[in-house]
There are 2 protein chains.
Amino acid sequence: MDINISQAVIRRLPRYYRYLGELKDEGVLRISSRELSELMHVTASQIRQDLNHFGGFGQQGYGYNVRNLYDEIGKILGLDKNHKLVVIGAGHLGQALSNYVNFERRGFHILGIFDKNPDLVGMKIRDVLVSPMEELESFIATNDIDIAVLTIPKTSAVDVAKTLVKSNIKAIWNFAHVDLAVPDDVIVENVHLSESLMRLSYNLRGK
Amino acid sequence: MDINISQAVIRRLPRYYRYLGELKDEGVLRISSRELSELMHVTASQIRQDLNHFGGFGQQGYGYNVRNLYDEIGKILGLDKNHKLVVIGAGHLGQALSNYVNFERRGFHILGIFDKNPDLVGMKIRDVLVSPMEELESFIATNDIDIAVLTIPKTSAVDVAKTLVKSNIKAIWNFAHVDLAVPDDVIVENVHLSESLMRLSYNLRGK
(Lines give C-alpha, C1' and ligand atoms only; values in the text may rest on other atoms or scores of the structure.)
Protein backbone atom coordinates (compact mmCIF):
# COMPACT_ATOMS: atom_id res chain seq x y z
CA MET A 1 0.00 0.00 0.00
CA ASP A 2 1.19 3.46 -0.92
CA ILE A 3 1.70 5.17 2.41
CA ASN A 4 2.64 8.57 1.01
CA ILE A 5 -0.93 9.68 0.63
CA SER A 6 -1.45 13.41 0.24
CA GLN A 7 -3.50 15.32 2.82
CA ALA A 8 -5.91 16.21 0.01
CA VAL A 9 -6.74 12.54 -0.55
CA ILE A 10 -7.01 11.97 3.19
CA ARG A 11 -9.48 14.85 3.43
CA ARG A 12 -11.64 13.14 0.81
CA LEU A 13 -11.56 9.64 2.34
CA PRO A 14 -14.21 10.20 5.03
CA ARG A 15 -16.65 11.23 2.30
CA TYR A 16 -15.98 8.04 0.33
CA TYR A 17 -16.42 6.13 3.57
CA ARG A 18 -19.79 7.77 4.21
CA TYR A 19 -21.14 7.03 0.72
CA LEU A 20 -19.85 3.44 0.74
CA GLY A 21 -21.39 2.91 4.19
CA GLU A 22 -24.76 4.08 2.88
CA LEU A 23 -24.49 1.82 -0.20
CA LYS A 24 -23.55 -1.10 2.03
CA ASP A 25 -26.55 -0.44 4.29
CA GLU A 26 -28.77 -0.40 1.20
CA GLY A 27 -27.44 -3.83 0.24
CA VAL A 28 -25.44 -2.70 -2.81
CA LEU A 29 -22.67 -5.23 -3.46
CA ARG A 30 -20.59 -3.51 -6.13
CA ILE A 31 -20.34 -0.16 -7.85
CA SER A 32 -18.40 1.21 -10.82
CA SER A 33 -16.34 4.36 -10.57
CA ARG A 34 -18.81 5.95 -13.03
CA GLU A 35 -21.80 5.21 -10.78
CA LEU A 36 -19.94 6.35 -7.67
CA SER A 37 -18.93 9.48 -9.58
CA GLU A 38 -22.56 10.36 -10.38
CA LEU A 39 -23.62 9.76 -6.80
CA MET A 40 -20.83 11.84 -5.26
CA HIS A 41 -20.59 14.55 -7.93
CA VAL A 42 -16.88 13.92 -8.37
CA THR A 43 -15.27 12.91 -11.68
CA ALA A 44 -14.77 9.18 -12.24
CA SER A 45 -11.07 9.77 -12.93
CA GLN A 46 -10.69 11.54 -9.58
CA ILE A 47 -12.28 8.53 -7.89
CA ARG A 48 -10.03 6.05 -9.71
CA GLN A 49 -6.99 8.15 -8.91
CA ASP A 50 -7.89 8.50 -5.22
CA LEU A 51 -8.76 4.86 -4.71
CA ASN A 52 -5.74 3.59 -6.67
CA HIS A 53 -3.60 4.73 -3.76
CA PHE A 54 -4.92 1.81 -1.81
CA GLY A 55 -4.18 -0.89 -4.35
CA GLY A 56 -6.31 -3.10 -6.56
CA PHE A 57 -9.73 -2.73 -5.00
CA GLY A 58 -11.34 -2.01 -8.35
CA GLN A 59 -11.50 -4.57 -11.13
CA GLN A 60 -11.94 -3.77 -14.80
CA GLY A 61 -15.52 -4.50 -15.83
CA TYR A 62 -16.56 -5.35 -12.28
CA GLY A 63 -16.13 -2.15 -10.38
CA TYR A 64 -15.54 -1.91 -6.66
CA ASN A 65 -16.71 -4.40 -4.09
CA VAL A 66 -18.60 -2.06 -1.77
CA ARG A 67 -18.01 -3.89 1.50
CA ASN A 68 -14.30 -4.51 0.81
CA LEU A 69 -13.66 -0.92 -0.14
CA TYR A 70 -15.64 0.32 2.88
CA ASP A 71 -13.66 -1.91 5.23
CA GLU A 72 -10.32 -1.00 3.65
CA ILE A 73 -10.96 2.73 3.85
CA GLY A 74 -12.11 2.22 7.44
CA LYS A 75 -8.78 0.56 8.23
CA ILE A 76 -6.82 3.33 6.53
CA LEU A 77 -8.70 5.85 8.64
CA GLY A 78 -7.92 3.82 11.77
CA LEU A 79 -11.61 3.11 12.39
CA ASP A 80 -10.92 -0.58 13.02
CA LYS A 81 -9.32 0.41 16.34
CA ASN A 82 -10.98 1.54 19.54
CA HIS A 83 -10.21 4.91 21.02
CA LYS A 84 -10.81 6.19 24.52
CA LEU A 85 -11.98 9.75 24.88
CA VAL A 86 -12.67 12.35 27.51
CA VAL A 87 -14.86 15.38 26.85
CA ILE A 88 -13.74 18.52 28.64
CA GLY A 89 -16.60 20.98 29.01
CA ALA A 90 -20.10 19.70 29.81
CA GLY A 91 -21.94 22.67 28.30
CA HIS A 92 -24.32 22.34 25.36
CA LEU A 93 -21.64 21.47 22.83
CA GLY A 94 -19.98 18.94 25.14
CA GLN A 95 -23.38 17.39 25.80
CA ALA A 96 -24.19 17.31 22.10
CA LEU A 97 -20.97 15.44 21.32
CA SER A 98 -21.33 13.12 24.31
CA ASN A 99 -24.83 12.19 23.15
CA TYR A 100 -23.81 11.41 19.60
CA VAL A 101 -24.05 7.61 19.38
CA ASN A 102 -22.45 7.41 15.93
CA PHE A 103 -19.04 8.20 17.39
CA GLU A 104 -19.28 5.19 19.66
CA ARG A 105 -20.38 2.99 16.76
CA ARG A 106 -17.11 3.92 15.01
CA GLY A 107 -14.96 3.01 17.98
CA PHE A 108 -14.74 6.35 19.79
CA HIS A 109 -15.72 5.62 23.38
CA ILE A 110 -16.29 8.51 25.75
CA LEU A 111 -15.19 7.34 29.20
CA GLY A 112 -15.25 10.60 31.11
CA ILE A 113 -16.65 14.12 30.99
CA PHE A 114 -15.10 16.97 32.96
CA ASP A 115 -16.24 20.43 33.92
CA LYS A 116 -15.17 23.08 36.41
CA ASN A 117 -18.76 24.12 37.07
CA PRO A 118 -19.89 22.41 40.32
CA ASP A 119 -23.52 22.58 39.11
CA LEU A 120 -22.69 20.21 36.25
CA VAL A 121 -20.42 17.87 38.21
CA GLY A 122 -22.29 14.71 39.24
CA MET A 123 -24.65 14.90 36.24
CA LYS A 124 -24.75 11.88 33.94
CA ILE A 125 -24.76 12.00 30.15
CA ARG A 126 -25.57 8.59 28.62
CA ASP A 127 -24.26 6.86 31.76
CA VAL A 128 -21.03 8.85 31.79
CA LEU A 129 -20.46 10.87 34.95
CA VAL A 130 -19.39 14.52 34.81
CA SER A 131 -16.34 14.84 37.09
CA PRO A 132 -14.49 17.89 38.45
CA MET A 133 -11.46 19.19 36.53
CA GLU A 134 -9.16 18.29 39.43
CA GLU A 135 -9.60 14.62 38.57
CA LEU A 136 -8.70 14.97 34.87
CA GLU A 137 -4.99 14.15 35.04
CA SER A 138 -5.33 11.02 37.13
CA PHE A 139 -8.31 9.86 35.07
CA ILE A 140 -6.31 10.09 31.83
CA ALA A 141 -3.46 8.09 33.33
CA THR A 142 -5.64 5.41 34.95
CA ASN A 143 -7.89 4.90 31.92
CA ASP A 144 -5.28 5.15 29.20
CA ILE A 145 -7.16 7.92 27.36
CA ASP A 146 -6.01 8.72 23.77
CA ILE A 147 -8.16 11.66 22.78
CA ALA A 148 -9.41 14.74 24.63
CA VAL A 149 -12.31 16.71 23.20
CA LEU A 150 -12.09 20.39 24.16
CA THR A 151 -15.43 22.17 24.29
CA ILE A 152 -14.50 24.98 26.65
CA PRO A 153 -13.93 28.71 26.02
CA LYS A 154 -10.57 29.69 24.56
CA THR A 155 -9.45 31.41 27.75
CA SER A 156 -9.44 28.08 29.62
CA ALA A 157 -8.45 25.93 26.64
CA VAL A 158 -4.83 27.08 26.61
CA ASP A 159 -4.23 26.01 30.23
CA VAL A 160 -6.14 22.76 29.90
CA ALA A 161 -4.09 21.89 26.79
CA LYS A 162 -0.94 22.21 28.92
CA THR A 163 -2.38 19.75 31.43
CA LEU A 164 -3.27 17.38 28.60
CA VAL A 165 0.24 17.49 27.18
CA LYS A 166 1.66 16.77 30.64
CA SER A 167 -0.70 13.79 30.85
CA ASN A 168 0.71 12.40 27.57
CA ILE A 169 -2.53 12.71 25.64
CA LYS A 170 -2.10 11.63 22.01
CA ALA A 171 -4.68 13.83 20.34
CA ILE A 172 -6.90 16.85 20.99
CA TRP A 173 -10.15 17.48 19.12
CA ASN A 174 -10.31 21.21 19.67
CA PHE A 175 -13.52 23.22 19.45
CA ALA A 176 -12.10 26.23 21.32
CA HIS A 177 -11.48 29.18 19.05
CA VAL A 178 -7.73 29.30 19.59
CA ASP A 179 -4.64 27.67 18.09
CA LEU A 180 -3.17 25.40 20.75
CA ALA A 181 0.60 25.34 21.19
CA VAL A 182 1.46 21.67 21.71
CA PRO A 183 4.52 19.54 20.92
CA ASP A 184 4.68 18.07 17.40
CA ASP A 185 3.79 14.58 18.51
CA VAL A 186 0.41 15.66 19.88
CA ILE A 187 -2.22 15.69 17.13
CA VAL A 188 -4.63 18.60 17.09
CA GLU A 189 -7.72 18.57 14.90
CA ASN A 190 -9.51 21.92 15.04
CA VAL A 191 -13.18 22.62 14.50
CA HIS A 192 -13.44 26.40 14.38
CA LEU A 193 -17.16 26.98 13.95
CA SER A 194 -16.97 30.74 13.59
CA GLU A 195 -14.45 30.41 10.77
CA SER A 196 -16.90 28.17 8.96
CA LEU A 197 -19.63 30.78 9.48
CA MET A 198 -17.31 33.49 8.09
CA ARG A 199 -16.71 31.46 4.93
CA LEU A 200 -20.45 31.19 4.53
CA SER A 201 -20.74 34.94 5.05
CA TYR A 202 -18.04 35.58 2.43
CA ASN A 203 -19.87 33.46 -0.13
CA LEU A 204 -23.10 35.36 0.65
CA ARG A 205 -21.67 38.75 -0.34
CA GLY A 206 -23.71 40.47 -3.02
CA LYS A 207 -26.54 37.92 -2.86
CA MET B 1 -9.51 45.47 -4.93
CA ASP B 2 -8.59 42.18 -6.53
CA ILE B 3 -11.83 40.23 -6.52
CA ASN B 4 -10.42 37.01 -7.98
CA ILE B 5 -9.30 35.73 -4.63
CA SER B 6 -8.60 32.02 -4.46
CA GLN B 7 -10.59 29.82 -2.10
CA ALA B 8 -7.29 28.98 -0.36
CA VAL B 9 -6.81 32.63 0.60
CA ILE B 10 -10.46 32.90 1.63
CA ARG B 11 -10.02 29.90 3.89
CA ARG B 12 -7.14 31.66 5.63
CA LEU B 13 -8.86 35.04 6.08
CA PRO B 14 -10.93 34.11 9.16
CA ARG B 15 -7.74 33.15 10.93
CA TYR B 16 -6.12 36.53 10.14
CA TYR B 17 -9.33 38.15 11.33
CA ARG B 18 -9.18 36.29 14.64
CA TYR B 19 -5.53 37.21 15.33
CA LEU B 20 -6.02 40.84 14.33
CA GLY B 21 -9.13 41.03 16.54
CA GLU B 22 -7.11 39.76 19.49
CA LEU B 23 -4.29 42.25 18.80
CA LYS B 24 -6.83 45.06 18.52
CA ASP B 25 -8.40 44.06 21.86
CA GLU B 26 -4.93 44.10 23.43
CA GLY B 27 -4.46 47.68 22.21
CA VAL B 28 -1.81 46.88 19.58
CA LEU B 29 -1.87 49.62 16.90
CA ARG B 30 0.43 48.22 14.25
CA ILE B 31 2.27 45.03 13.41
CA SER B 32 4.88 43.99 10.86
CA SER B 33 4.42 40.95 8.64
CA ARG B 34 7.39 39.40 10.48
CA GLU B 35 5.74 39.80 13.90
CA LEU B 36 2.41 38.55 12.59
CA SER B 37 4.25 35.63 11.01
CA GLU B 38 5.81 34.61 14.34
CA LEU B 39 2.47 34.87 16.11
CA MET B 40 0.55 32.86 13.54
CA HIS B 41 3.27 30.35 12.59
CA VAL B 42 2.93 31.25 8.92
CA THR B 43 5.79 32.59 6.77
CA ALA B 44 6.02 36.38 6.44
CA SER B 45 6.00 36.05 2.66
CA GLN B 46 2.75 34.09 2.80
CA ILE B 47 1.23 36.87 4.90
CA ARG B 48 2.42 39.59 2.52
CA GLN B 49 1.14 37.61 -0.46
CA ASP B 50 -2.26 36.95 1.11
CA LEU B 51 -2.81 40.47 2.33
CA ASN B 52 -1.57 42.06 -0.91
CA HIS B 53 -4.76 40.84 -2.54
CA PHE B 54 -6.60 43.52 -0.66
CA GLY B 55 -4.38 46.42 -1.69
CA GLY B 56 -1.95 48.65 0.13
CA PHE B 57 -2.77 47.99 3.76
CA GLY B 58 0.85 47.43 4.65
CA GLN B 59 3.45 50.18 4.49
CA GLN B 60 7.18 49.63 4.13
CA GLY B 61 8.87 50.20 7.50
CA TYR B 62 5.56 50.71 9.27
CA GLY B 63 3.76 47.42 8.94
CA TYR B 64 0.04 46.94 9.07
CA ASN B 65 -2.39 49.18 10.89
CA VAL B 66 -4.13 46.57 13.02
CA ARG B 67 -7.56 48.20 13.21
CA ASN B 68 -7.69 49.07 9.49
CA LEU B 69 -6.66 45.61 8.43
CA TYR B 70 -9.15 44.05 10.86
CA ASP B 71 -11.96 46.21 9.52
CA GLU B 72 -11.04 45.60 5.88
CA ILE B 73 -10.88 41.83 6.28
CA GLY B 74 -14.19 42.01 8.14
CA LYS B 75 -15.74 43.81 5.15
CA ILE B 76 -14.29 41.29 2.70
CA LEU B 77 -15.84 38.51 4.78
CA GLY B 78 -19.17 40.35 4.77
CA LEU B 79 -19.08 40.81 8.55
CA ASP B 80 -20.05 44.49 8.26
CA LYS B 81 -23.55 43.35 7.28
CA ASN B 82 -26.26 41.89 9.46
CA HIS B 83 -27.67 38.45 8.74
CA LYS B 84 -30.91 36.91 9.92
CA LEU B 85 -30.82 33.27 10.90
CA VAL B 86 -33.10 30.45 11.90
CA VAL B 87 -31.82 27.36 13.69
CA ILE B 88 -33.62 24.16 12.73
CA GLY B 89 -33.25 21.53 15.42
CA ALA B 90 -33.41 22.55 19.10
CA GLY B 91 -31.38 19.59 20.39
CA HIS B 92 -28.06 19.98 22.16
CA LEU B 93 -26.16 21.19 19.10
CA GLY B 94 -28.92 23.64 18.12
CA GLN B 95 -28.96 24.94 21.68
CA ALA B 96 -25.19 25.24 21.75
CA LEU B 97 -25.17 27.34 18.58
CA SER B 98 -28.16 29.42 19.70
CA ASN B 99 -26.39 30.22 22.95
CA TYR B 100 -23.15 31.30 21.31
CA VAL B 101 -23.11 35.08 21.78
CA ASN B 102 -20.09 35.63 19.54
CA PHE B 103 -22.15 34.92 16.44
CA GLU B 104 -24.51 37.76 17.34
CA ARG B 105 -21.60 40.09 18.00
CA ARG B 106 -20.48 39.48 14.40
CA GLY B 107 -23.86 40.31 12.92
CA PHE B 108 -25.47 36.86 12.83
CA HIS B 109 -28.83 37.26 14.55
CA ILE B 110 -30.87 34.19 15.37
CA LEU B 111 -34.53 35.18 15.05
CA GLY B 112 -36.20 31.80 15.26
CA ILE B 113 -35.59 28.21 16.36
CA PHE B 114 -37.66 25.33 15.03
CA ASP B 115 -38.16 21.74 16.08
CA LYS B 116 -40.64 18.99 15.34
CA ASN B 117 -40.51 17.69 18.92
CA PRO B 118 -43.55 19.10 20.79
CA ASP B 119 -41.64 18.81 24.09
CA LEU B 120 -39.15 21.42 22.87
CA VAL B 121 -41.66 23.76 21.20
CA GLY B 122 -42.48 26.72 23.45
CA MET B 123 -39.08 26.60 25.16
CA LYS B 124 -36.99 29.76 25.03
CA ILE B 125 -33.26 29.90 24.28
CA ARG B 126 -31.81 33.34 25.00
CA ASP B 127 -35.24 34.94 24.46
CA VAL B 128 -35.78 33.15 21.18
CA LEU B 129 -38.88 30.95 21.10
CA VAL B 130 -38.75 27.39 19.77
CA SER B 131 -41.57 27.07 17.20
CA PRO B 132 -43.08 24.05 15.45
CA MET B 133 -41.74 23.06 12.01
CA GLU B 134 -45.09 23.87 10.39
CA GLU B 135 -44.38 27.58 10.91
CA LEU B 136 -40.92 27.53 9.28
CA GLU B 137 -41.88 28.56 5.74
CA SER B 138 -44.06 31.51 6.71
CA PHE B 139 -41.49 32.63 9.30
CA ILE B 140 -38.71 32.75 6.71
CA ALA B 141 -40.88 34.81 4.34
CA THR B 142 -42.18 37.23 6.97
CA ASN B 143 -38.82 37.82 8.62
CA ASP B 144 -36.64 37.91 5.51
CA ILE B 145 -34.30 35.19 6.80
CA ASP B 146 -30.98 34.72 4.90
CA ILE B 147 -29.41 31.74 6.61
CA ALA B 148 -30.78 28.46 7.97
CA VAL B 149 -28.68 26.45 10.40
CA LEU B 150 -29.45 22.72 10.10
CA THR B 151 -28.79 20.76 13.28
CA ILE B 152 -31.12 17.82 12.62
CA PRO B 153 -30.39 14.20 11.67
CA LYS B 154 -29.59 13.52 8.03
CA THR B 155 -32.84 11.64 7.45
CA SER B 156 -34.87 14.82 8.06
CA ALA B 157 -32.28 17.23 6.64
CA VAL B 158 -32.90 16.30 3.01
CA ASP B 159 -36.62 17.14 3.22
CA VAL B 160 -36.11 20.28 5.25
CA ALA B 161 -33.55 21.49 2.71
CA LYS B 162 -36.24 21.21 0.00
CA THR B 163 -38.56 23.39 2.08
CA LEU B 164 -35.75 25.91 2.57
CA VAL B 165 -35.04 26.10 -1.15
CA LYS B 166 -38.76 26.64 -1.82
CA SER B 167 -38.67 29.46 0.75
CA ASN B 168 -35.82 31.16 -1.17
CA ILE B 169 -33.28 30.81 1.59
CA LYS B 170 -29.87 32.16 0.53
CA ALA B 171 -27.59 29.95 2.58
CA ILE B 172 -27.61 26.78 4.66
CA TRP B 173 -25.10 26.10 7.42
CA ASN B 174 -25.37 22.33 7.41
CA PHE B 175 -24.39 20.16 10.38
CA ALA B 176 -26.32 17.12 9.14
CA HIS B 177 -24.06 14.37 7.88
CA VAL B 178 -25.33 14.43 4.31
CA ASP B 179 -24.57 16.36 1.11
CA LEU B 180 -27.60 18.51 0.37
CA ALA B 181 -28.80 18.74 -3.23
CA VAL B 182 -29.70 22.40 -3.71
CA PRO B 183 -29.66 24.77 -6.72
CA ASP B 184 -26.33 26.47 -7.46
CA ASP B 185 -27.45 29.84 -6.13
CA VAL B 186 -28.05 28.45 -2.63
CA ILE B 187 -24.85 28.47 -0.60
CA VAL B 188 -24.13 25.43 1.55
CA GLU B 189 -21.39 25.45 4.16
CA ASN B 190 -20.95 22.01 5.68
CA VAL B 191 -19.65 21.14 9.12
CA HIS B 192 -19.26 17.37 9.07
CA LEU B 193 -18.06 16.59 12.58
CA SER B 194 -17.53 12.88 12.06
CA GLU B 195 -15.29 13.58 9.05
CA SER B 196 -13.17 15.78 11.28
CA LEU B 197 -12.96 12.99 13.86
CA MET B 198 -11.92 10.53 11.11
CA ARG B 199 -9.07 12.81 10.04
CA LEU B 200 -7.94 12.89 13.65
CA SER B 201 -8.18 9.10 13.76
CA TYR B 202 -6.12 8.81 10.56
CA ASN B 203 -3.38 10.98 12.02
CA LEU B 204 -3.40 8.85 15.18
CA ARG B 205 -2.50 5.62 13.35
CA GLY B 206 0.61 3.98 14.72
CA LYS B 207 0.87 6.37 17.69
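How many residues does the stretch A:180-201 contain that are assigned to a loop (DSSP other than H, G, I, E, B), closer than 24 Å to A:ALA90 by Cβ and within 9 Å of chain B (Cβ to nearest Cβ)?
So the answer is 2.
Restricting the search to strands (runs of 3 or more DSSP E) fully inside the stretch A:73-179 and requiring at least 3 residues that are open to solvent by 20 Å² or more (accessible area, probe 1.4 Å) and within 23 Å of B:SER194 (Cα to Cα) gives A:108-115. Filter the stretch B:25-44 down to the residues that are within 23 Å of the chain's Cα centre (by Cα) and crowded, with 16+ Cβ neighbours inside 10 Å and list them by number. Scanning the stretch B:25-44 gives B:MET40, B:VAL42. When B:GLY27 is tested against the conditions (1) touching a helix residue (DSSP H, G or I) at 6+ places or on another chain (Cβ under 8 Å); (2) assigned to a loop (DSSP other than H, G, I, E, B), the lone failure is (1).
Taking first residues from the stretch A:97-126 that are away from chain B (no Cβ under 12 Å) and closer than 30 Å to A:TYR17 by Cβ and partners that are in a strand (DSSP E or B) and basic (Lys, Arg), the Cβ contacts under 8 Å between residues at least 6 apart in sequence or on separate chains come to A:HIS109/A:LYS84; A:LEU111/A:LYS84. Report whether or not A:ILE47 is away from chain B (no Cβ under 14 Å), in contact (Cβ under 8 Å) with a residue 60 or more places away in the chain and either in contact with a helix residue (DSSP H, G or I) (Cβ under 7 Å, 6 or more places away or on another chain) or open to solvent by 20 Å² or more (accessible area, probe 1.4 Å) (or both). Spelling it out, it is not the case that A:ILE47 is away from chain B (no Cβ under 14 Å), in contact (Cβ under 8 Å) with a residue 60 or more places away in the chain and either in contact with a helix residue (DSSP H, G or I) (Cβ under 7 Å, 6 or more places away or on another chain) or open to solvent by 20 Å² or more (accessible area, probe 1.4 Å) (or both). Is one or more of the residues making up the stretch A:45-53 modelled with pLDDT under 90 and not in a helix (DSSP H, G or I)? There is at least one residue in the stretch A:45-53 that is modelled with pLDDT under 90 and not in a helix (DSSP H, G or I). Which of (1) more than 24 Å from A:THR155 (Cα to Cα); (2) surrounded by fewer than 17 Cβ atoms within 10 Å (Cβ to Cβ) is the odd one out, the single condition B:GLY63 does not satisfy? Against the list (1) more than 24 Å from A:THR155 (Cα to Cα); (2) surrounded by fewer than 17 Cβ atoms within 10 Å (Cβ to Cβ), B:GLY63 comes up short only on (2). For B:ILE76, the requirement of being more than 13 Å from chain A (Cβ to nearest Cβ) and touching a residue at least 60 places away in the same chain (Cβ under 8 Å) is not met.
Considering (1) under 30 Å from B:ASP185 (Cα atoms); (2) surrounded by fewer than 18 Cβ atoms within 10 Å (Cβ to Cβ), the lone condition that A:VAL182 does not fulfil carries the number (1). Only a single item in (1) within 13 Å of another protein chain (Cβ to nearest Cβ); (2) of a type in the set (D, E, K, R); (3) free of Cβ contacts under 8 Å to residues at least 40 places away in the same chain is not met by A:GLU134, and it is number (1).
The values are calculated or read from the model by the stated rules, or taken from the named source; none is laboratory data. As the structure is a prediction and not an experimental result, all values here were calculated from the model. In this analysis, Cβ positions are derived from the backbone assuming ideal geometry, glycine residues included, and neighbour counts consider all displayed protein chains. Accessible surface areas use protein heavy atoms only, side chains included; no ligands, DNA or RNA. Shrake-Rupley method; radii C 1.70, N 1.55, O 1.52, S 1.80 Å.
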